[in-house]
Amino acid sequence: MAYKNYLVFDFGASNGRSVVCRYDGKKFVMEITHRFNNTPVFATGTLYWDILGLYSELIAGIQASVRKYGMIVSTAVSAWGADFGFIDKNRKLISNPVNYRDEKRLKNASKLYEIISARELFNLTGALVDPIFDLFHLYSLKLENATEFLEGDKFLTIPDIFNYFLTGETYNEYTRITGSIMFSQKEGRWEDKIFKRLGLRFDIFPKVIKPGIKIGNILDRVSSKAGIEEIPVIAPASHDTASAVAGIPLLVDSSKNWAFIIMGTWCIIGQETEKPIINDRVFDEGFSNEGGAEGLNLFFKNINGLWIIQQCRDKWNRDGGNISWDEIVRLSSLAKPFKSFIDVSDPVFLRPQSDMPGVIKKYCKDKNQYVPESIGEIARCVYESLSMKIKDGINKSGILTGKKIEILYLVGGGIQNKLLCQWISDATGIKAIAGPVEATSVGNLIMQLKASGEIKTLKEGRKISLNSSVLYNYEPEDKNRWDGEYDRYIKISR
């Protein structure tokens with residue numbers, strides 16, 4: 001069977017990979033051809049992304065893929081959903097983009113809220129209003145008279161920067177820009193009321209394009225320097241969340257109401273809807289909207305996810321533990337259930353911590369709970385608390401959309417923790433289908449297949465995902481026990 005090779009780049013907030021997807025007309029197989037770390041750089045009091053280092057890794061991924069597979073039909077880049085850079089009038093990158101976890105990101109948020117409230121921003125855009133996103137950083141650059149703001153000619157999000165380096169073309173991709181808190185999702189345009197009231201420039205934004213569009217070919221000077229052939233560059237759903245949802249392998253009976261849970265550093269729970277849902281109750285419950293593939297809307301809530309246990313593992317390994325993820329899960333399975341809960345979205349757990357296990361212990365002590373001591377007890381506390389937070393979010397999502405959720409689709413790296421997947425099914429009382437791990441890469445591929453004419457619709461792409469994925473089913477067990485503990489969790493987390 002002849003294969004066509006498509007090259008996917010998935011840049012996450014902590015690591016990235018290049019993936020060759022070999023498509024035979026009905027299904028695909030994937031191989032990771034290059035892995036790399038994404039390590040922010042702290043310099044002169046600011047936390048930056050090493051954008052040029054990441055671009056070097058992108059080129060290395062193209063080279064490795066071409067060496068092994070030869071002809072590449074096209075390539076596309078997906079990345080995390082925050083941060084941007086500027087190019088100047090000479091088409092040069094002005095500065096490394098600042099990391100959304102930079103401590104100064106919150107500094108000017110209160111000044112912005114004095115002009116436009118969080119609620120009004122949500123009503124105008126439908127987006128998640130959080131200082132980690134683009135509007136707040138852009139406004140800070142204005143207040144600081146920063147070189148980027150004064151001299152910037154084109155505003156480019158992270159994936160758009162990579163596309164520019166490769167092709168010389170400047171665009172903003174739709175799914176990524178809908179999360180900027182500057183784009184009216186109801187009207188499908190930049191929200192000029194925000195620009196006028198905050199005194200922000202409008203001329204810096206290039207054309208917005210939809211997923212599945214060809215951006216251009218890799219420039220001759222790039223391909224010759226890298227020793228590769230000319231390759232078309234496609235716009236996928238460039239926000240990794242939107243790509244992950246696009247890659248979900250829906251079952252043939254997709255008439256049932258379903259929700260997605262993307263399990264990674266952040267856990268993102270939500271549903272696909274035809275249009276954005278914008279009202280006071282949605283805002284009050286912390287839900288929001290973002291553009292998805294083919295104009296669909298993603299109605300979702302961000303939850304602080306596996307970040308907490310990742311921080312715990314870092315501490316345990318610094319202390320000489322050298323403990324694997326499998327061992328952490330095993331120890332958590334042996335610990336007694338429901339001894340302690342934390343609110344995973346409490347601000348103390350969102351920040352980088354040198355001793356996250358200690359922070360968890362203090363939280364439990366302050367809440368007059370049993371204080372977990374061992375690795376297993378702490379891990380179980382984190383996993384059970386995350387499952388309860390997801391239960392709460394799924395309940396509210398169903399209420400806000402008016403659709404009772406009947407199936408959960410779990411995707412992302414966190415589904416490798418089968419115990420956690422089972423606990424999510426137990427806590428929610430809903431059947432869960434887990435897979436694939438590389439859902440973002442699958443969604444990226446689907447938009448490349450659409451651009452190349454192999455498929456015409458997202459529905460076709462999801463059928464290919466179903467044909468190609470190994471899925472695991474989880475049926476809810478012991479739901480009554482989880483329901484009984486839920487009330488205690490709610491009291492503790494408020």
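The values are calculated or read from the model by the stated rules, or taken from the named source; none is laboratory data. Just so it is clear, the model here is predicted, and its values are computed rather than measured. All Cβ positions, glycine included, derive from the backbone under ideal geometry; neighbour counts span all protein chains shown.
Just a few scattered comments:
- Residue list for the range 140-170, filter: among the hydroxyl-bearing types (Ser, Thr, Tyr), crowded, with 21+ Cβ neighbours inside 10 Å and out of contact with any helix residue (DSSP H, G or I) (no Cβ under 6 Å at 6 or more places or on another chain): SER140, TYR164
- Pick from the range 132-170, criterion part of a loop (DSSP other than H, G, I, E, B) and more than 20 Å from the chain's Cα centre (by Cα), ranking: nearest to LYS225 (Cα to Cα): GLY168
- Cβ-Cβ distances below 7 Å connect the following pairs, each with a first residue in the range 179-190 that is under 16 Å from ASN123 (Cβ atoms) and of a type in the set (Val, Ile, Thr), a second residue that is crowded, with 20+ Cβ neighbours inside 10 Å and at pLDDT 95 or above, and a separation of six or more residues or different chains: ILE181/LEU121; ILE181/THR125; ILE181/ALA127; ILE181/VAL129; ILE181/PHE133; ILE181/ASP134; ILE181/LEU135.
- Long-range neighbours under 9 Å by Cβ, at least six apart or interchain, first residue farther than 13 Å from LYS418 by Cβ within the range 314-333, second among the hydroxyl-bearing types (Ser, Thr, Tyr) and surrounded by 13 or more Cβ atoms within 10 Å (Cβ to Cβ): LEU331/SER374
- Looking across the range 187-209, the residues that are touching a Lys or Arg at 6+ places or on another chain (Cβ under 9 Å), more than 14 Å from THR157 (Cβ to Cβ), surrounded by 12 or more Cβ atoms within 10 Å (Cβ to Cβ) and modelled with pLDDT of 95 or more come down to PHE195, LEU198, LEU200.
- Near pairs, Cβ below 6 angstrom, 6+ apart or cross-chain, from the range 373-392 (farther than 14 Å from ILE328 by Cβ and touching a residue at least 60 places away in the same chain (Cβ under 8 Å)) to any residue that is in a helix (DSSP H, G or I) and of a type in the set (Ser, Thr, Tyr): MET388/TYR489; LYS391/THR428
- Qualifying residue in the range 321-343 (condition: surrounded by 15 or more Cβ atoms within 10 Å (Cβ to Cβ), in contact with a strand residue (DSSP E or B) (Cβ under 7 Å, 6 or more places away or on another chain) and hydrophobic (A, V, I, L, M, F, W, C)): no
- The single condition among (1) at pLDDT 95 or above; (2) crowded, with 18+ Cβ neighbours inside 10 Å; (3) touching an Asp or Glu at 6+ places or on another chain (Cβ under 8 Å) that TYR100 does not meet is (1).
- Filtering the range 193-214 to residues that are free of Cβ contacts under 8 Å to residues at least 40 places away in the same chain and either assigned to a strand (DSSP E or B) or on the phi > 0 side of the Ramachandran plot (or both) leaves VAL208, ILE209.
- Count - residues of the range 227-283 that are at pLDDT 95 or above, surrounded by fewer than 19 Cβ atoms within 10 Å (Cβ to Cβ) and under 30 Å from ARG67 (Cβ atoms): 1
- Residues in the range 288-302 that are crowded, with 21+ Cβ neighbours inside 10 Å and at pLDDT below 95: ASN302 only.
- Top-ranked residue in the range 75-128 [being closer than 28 Å to VAL245 by Cα and assigned to a strand (DSSP E or B); ranked as nearest to the chain's Cα centre (by Cα)]: ALA79
- Residue within the range 415-422 that is closer than 15 Å to VAL470 by Cα and at pLDDT below 95 present: no
- Extreme residue, surrounded by the fewest Cβ atoms within 10 Å (Cβ to Cβ), among residues of the range 47-94 that are touching a Ser or Thr at 6+ places or on another chain (Cβ under 7 Å) and hydroxyl-bearing (Ser, Thr, Tyr): SER74
- Of the strands (runs of 3 or more DSSP E) entirely within the range 1-51, those holding at least 2 residues that are more than 25 Å from LEU306 (Cα to Cα), modelled with pLDDT of 95 or more and touching a strand residue (DSSP E or B) at 6+ places or on another chain (Cβ under 6 Å) occupy 4-11, 15-23, 28-37.
- Verdict on GLU377 being in a loop (DSSP other than H, G, I, E, B), over 18 Å from CYS267 (Cβ atoms) and either outside the structural domain of ILE415 (by TED's automatic domain parsing) or of a type in the set (D, E, K, R) (or both): no
- Selection within the range 443-477 - within 18 Å of PHE260 (Cβ to Cβ), in contact with a strand residue (DSSP E or B) (Cβ under 6 Å, 6 or more places away or on another chain) and buried (at least 22 other Cβ atoms within 10 Å of the Cβ): ASN444, LEU445
- Positions within the range 389-415 being of a type in the set (S, T, N, Q) and in contact with a strand residue (DSSP E or B) (Cβ under 9 Å, 6 or more places away or on another chain), in sequence order: SER397, THR401
Results for (1) outside the structural domain of ARG313 (by TED's automatic domain parsing); (2) surrounded by fewer than 19 Cβ atoms within 10 Å (Cβ to Cβ); (3) more than 23 Å from GLY484 (Cα to Cα); (4) among the aromatic types (Phe, Trp, Tyr), shown as yes or no for each residue.
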| position | (1), (2), (3), (4) |
| --- | --- |
| GLU384 | no, no, no, no |
| LYS389 | no, no, no, no |
| ILE399 | no, yes, no, no |
| GLY402 | no, yes, yes, no |
| TYR409 | no, no, yes, yes |
| GLY414 | no, no, yes, no |
| CYS421 | no, no, no, no |
| ILE424 | no, no, no, no |
